[in-house]
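Everything on this sheet refers to the single structure shown next.
Each reported figure results from applying straightforward, stated rules to the coordinates on display, with no laboratory input. Quick caveat, the model's predicted, so the values are computed rather than measured. So basically every Cβ, Gly included, is an ideal-geometry build from the backbone, and we count neighbours across all protein chains shown.
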């Protein structure tokens, strides 16, 4: 009795090409792939999503030397640090008065003097202090408890001095 | 630049729709590869999803030293082999239906025309016997049999995908053919179960 030879084996195996998935399988595969990708993305932690977005951005900018996860992590940390510093350095916009007697600044930069003509908004949002304080008094947050406007003369009532 | 290279470049620059084109193009072929290595439709479906997911995430590391075809086939073979190692011997055949167009296949007609066990068995029995014989091979031997006999890849392409020499591919094929002859010889002795 003849055995299967290599040729017969090959012919039989080639018939396995006719084993096919159900109709419509391949047409539906891409849709299923997208669905799974979305599900996977939603399951990721937020830091991971941010990291991947940072990495994608660097690739788009064609920053090849930085195209690595360590660099992406470093970039995210640097951005977070910068944002944190900015937030920390933002002056307190709440108008407050201080117990120490005000020493009105008589120094020269008259262009920066507030006047009654200055819009109110700028008085509140200016980063330069209105008064010069004793250097030993660092910030009201550190040494002097804040007192509120009602206890002192409002800013707009204060005379301005021009020399 | 060929079509695949262009689609890869567009994918890298952020056009996800370009990767969709690659998925559409390679799904049928990779399905055949994975299915014939696992003989299980459900496992094949899950693996295919994982293969394309991995390829998408890793595409920026694809440098173009090989073709995209070779690259994604390497991913598919490696992931399937890893899956089979974990699955071990605990598996169930979950076979796809045989397309009716096989009735017009010349080789099938020859096989069923001659006085052979193949002629005696019905199509589903033949399919089952073939798949059982394939699953008796080791994972590595089944991979080369799938790529060479079923998918029709040349030895050179298989060696690139598996990262082995062509000599290794040929010796694995030789050994696998001998094993299949033994397994199918049982079929010859017991043609109808």
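Kindly give Rg over Rh for segment B:14-88, based on alpha-carbon atoms, with the Kirkwood expression for the hydrodynamic radius. Walk me through the numbers before you get to the answer.
Details: Rg = 12.3 Å, Rh = 12.7 Å.
My calculation puts Rg/Rh at 0.97.
Quick one: if you stick a label point 7 Å off each Cα along the C-beta vector at residue A:27 and residue A:77, how many nm between them?
Going from the residue A:27 label point to the residue A:77 one covers 5.2 nm.
I'd like the orientation of helix B:41-58 relative to chain B: the angle between its Cα long axis and the longest Cα principal axis, in ° from 0 to 90, rounded to 10.
Tilt relative to chain B: about 20 degrees.
For segment B:30-84, calculate the relative contact order in percent as a whole number, restricting contacts to Cα pairs under 8 Å that are 6 or more residues apart. Please report the intermediate quantities before stating the final value.
Details: 27 pairs, mean separation 26.7, N = 55.
Relative contact order comes out at 49 percent.
Please rank B:25, B:57, fewest neighbouring Cβ atoms within 10 Å first, as an exposure proxy. Kindly include the intermediate steps, with their values, before the conclusion.
On the way: B:25 16, B:57 10.
The fewest-first ordering by Cβ neighbours comes to B:57, B:25.
What distance in nm separates the two pseudo spin-label positions at residue A:43 and residue B:1, each 7 Å out from Cα along the beta-carbon direction?
3.4 nm
Going out from 0 in 10 Å bins, what whole percent of all Cα-Cα distances in chain B drops into each bin?
All Cα pairs considered, the percentages come to 8, 31, 33, 19, 7, 1.
Run the helix sum for chain B: -39,500 (n - 2.57) per DSSP H stretch of 4+ residues, divided by residue count, reported at 222 nm to the nearest 500 deg cm²/dmol.
On the way: 10 runs with 136 residues, N = 193.
Calculated mean residue ellipticity at 222 nm is -22500 deg cm²/dmol.
With a 10 Å Cβ neighbour count serving as the proxy for reagent exposure, in which order, fewest first, do B:70, B:168, B:44 appear? Spell out each step's value before the answer.
Details: B:70 13, B:168 16, B:44 24.
So the residues, fewest neighbours to most, are B:70, B:168, B:44.
Using alpha carbons only, how many degrees (0 to 90, rounded to 10) separate the axis of helix B:123-136 from the longest principal axis of chain B?
It is inclined by approximately 70 degrees.
What ranking do A:16, B:85, B:160 get, fewest neighbouring Cβ atoms within 10 angstrom at the top?
Arranged by neighbour count, lowest to highest, A:16, B:85, B:160 become B:85, B:160, A:16.
If r is the Cβ-Cβ distance from residue B:171 to residue B:54 and R0 is 35 Å, what FRET efficiency results, to the nearest 0.05? Don't skip to the answer; put the middle values down first.
Numbers: r = 30 Å, r/R0 = 0.85.
Result of the calculation: an efficiency of 0.75.
Mind checking the angle between helix B:3-12 and chain B's longest principal axis? C-alpha axes, 0 to 90 degrees, to the nearest 10.
Helix B:3-12 and the main axis of chain B meet at about 50 degrees.
Quick one: if the Förster radius is 25 Å, what FRET efficiency do residue A:57 and residue B:65 give, using the C-beta to C-beta distance and rounding to 0.05? Write down the numbers at each step before the final one.
Working: r = 26 Å, r/R0 = 1.06.
Once rounded, the FRET efficiency stands at 0.40.
Which three extents, in whole angstrom, do the alpha-carbon atoms of segment B:1-45 cover along their principal axes, largest first?
Largest first, segment B:1-45 extends 36, 18, 12 Å along its Cα principal axes.
Principal axis lengths of segment B:137-190 from Cα atoms, whole Å, largest first?
Principal extents (largest minus smallest coordinate, Cα): 39, 18, 15 Å.
Given Cα pairs under 8 Å that are at least 6 residues apart, what percent is the relative contact order of chain B? Numbers along the way, then the final one.
Details: 147 pairs, mean separation 42.8, N = 193.
Taking the mean separation of contacting Cα pairs over the length of chain B, I get 22 percent.
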